[in-house]
Amino acid sequence: MKQFKFIWRFLKGNRLKSFGILVVVMFYVSMTLIAPLLFGFLIDNVINLKPLTNPVLIAFSSMLGGVPYIRTHI
């Protein structure tokens with residue numbers, strides 16, 4: 001708890017900037033983790049013609065026009 005109080009006092013005047021930086025870092029990390037999932041989706045389901053079974057991927061591909069549309073526009 002002492003460490004938190006030290007950090008809180010240290011950030012006085014810069015708390016909003018620090019919170020903004022934390023939000024941007026979390027967004028960057030989440031996008032970095034999502035990128036391999038998208039490439040895996042493209043390779044497995046679009047190029048290799050593997051059928052979709054995951055409802056999230058089905059919704060994602062539907063937003064992009066469906067697997068046949070993605071396949072023809074790569």
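Nothing in this text is a laboratory measurement; each read-out follows from the coordinates by a stated rule. If you're wondering where the values come from, they're calculated on a predicted model, not measured in any experiment. As a convention, Cβ positions derive from the backbone with ideal geometry for all residues, glycine included, and neighbour counts pool all protein chains shown.
Just the residues that are in a helix (DSSP H, G or I) and either among the hydrophobic types (A, V, I, L, M, F, W, C) or touching a His at 6+ places or on another chain (Cβ under 7 Å) (or both), please, taken from region 56-74. Val56, Leu57, Ile58, Ala59, Phe60, Met63, Val67, Ile70, listed by residue number. The residue pairs whose first member lies in region 51-69 and is under 17 Å from Ile34 (Cα atoms), whose second member is outside any loop (DSSP other than H, G, I, E, B) and among the aliphatic types (A, V, I, L, M), and whose beta carbons are closer than 8 Å, counting only pairs six or more residues apart or on different chains, are Ser61/Val67; Ser61/Ile70; Leu64/Ile70. Set side by side, the residues Leu38, Leu49 differ, and just one is not in a helix (DSSP H, G or I) and not charged (D, E, K, R), which is Leu49. Starting from region 13-35, keep only residues that are over 21 Å from Leu57 (Cα atoms), then list their pairs with residues that are basic (Lys, Arg) and loosely packed, with under 10 Cβ neighbours inside 10 Å whose Cβ atoms are within a distance under 8 Å, requiring at least 6 positions of separation or different chains. Close Cβ pairs (under 8 Å, with a partner that is basic (Lys, Arg) and loosely packed, with under 10 Cβ neighbours inside 10 Å) do not exist here.
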